[in-house]
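Below is one structure, written out as structure tokens; the observations come after it.
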Amino acid sequence: MDWEAIGAASGTVAAVAVCVTLIFLTVQLRQSNKSQKTAAYQTYIDARTALQVSLLQPEANAALLGTSFAPLSRTNEQLQDYHQVLHLSMTYFAMAFRLWKDGLLSDDEWNADLSMLSEFKGSEGFRLWWPAVSNFYAPDFVEAVDRAELLTTGLERFIEAVEAARSSDQK
């Protein structure tokens, strides 16, 4: 075997080694991406569970949905607690929005979150809080929050219908 043949054989072996390396790196990259997407989705699920558990607490539920929270009559300490609850909630919604934009969250999941966010938007406290802090969030998320319409639940629509019927009966 002469040096030319050895050089050609080593060039072929090097080319095969490069191809094998590229295939290996492609597989590793796909596995890494899948792992990162799974971790991001799991973080979303954990945050959603934590938010739902916190909403089971009457104080947090009242603060977020405004059922008995009147910001103007609260102490600074209560307002600080309210701010923290809202900020954590909005951080969750911002994460959900980003996952939805990246295709990791289905439209149904995002719409469920958007419905909950719309209920928050209906509270007096949120309407006072959001303009003061919206600049801390990504502009596309702020736009999504600002566009979200207040969605009423079936119970709220039922109560409104009954009240309308009562008022028409009194006339």
**Q.** Listed residues Lys34, Lys101, Lys121 arranged by accessible area, highest first, probe 1.4 Å
**A.** Lys34, Lys101, Lys121
Q.
Through the Karplus equation 6.51 cos²θ - 1.76 cosθ + 1.60, θ set to phi - 60°, convert the phi angles of region 127-138 into ³J(HN,Hα) values in whole Hz; use x for Gly and Pro.
A. 4, 7, 7, 4, x, 6, 10, 4, 5, 7, 10, 4
Q) Using a simple spin-label model with points 7 Å from Cα along the Cα→Cβ vector, what separation in nm is obtained for Leu25 and Lys121? A) 4.6
Q: With a 1.4 Å probe and all protein chains in place, put Leu25, Leu86, Leu72, Leu114 in order of accessible area, largest first.
A: Leu72, Leu25, Leu114, Leu86
Q.
Rolling a 1.4 angstrom probe over the protein chains, ignoring ligands and nucleic acids, what is the accessible area of Arg74 in square angstrom, nearest 10?
A. 80
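The values are calculated or read from the model by the stated rules, or taken from the named source; none is laboratory data. Only a predicted model underlies this, so the values are computations on that prediction, with no experimental measurement involved. A quick note on method: Cβ atoms are made from the backbone with ideal geometry, for glycine too, and the neighbour counts reach across all protein chains shown. Areas reflect the complete protein model, heavy atoms only, side chains present, ligands, DNA and RNA absent. Shrake-Rupley method; radii C 1.70, N 1.55, O 1.52, S 1.80 Å.
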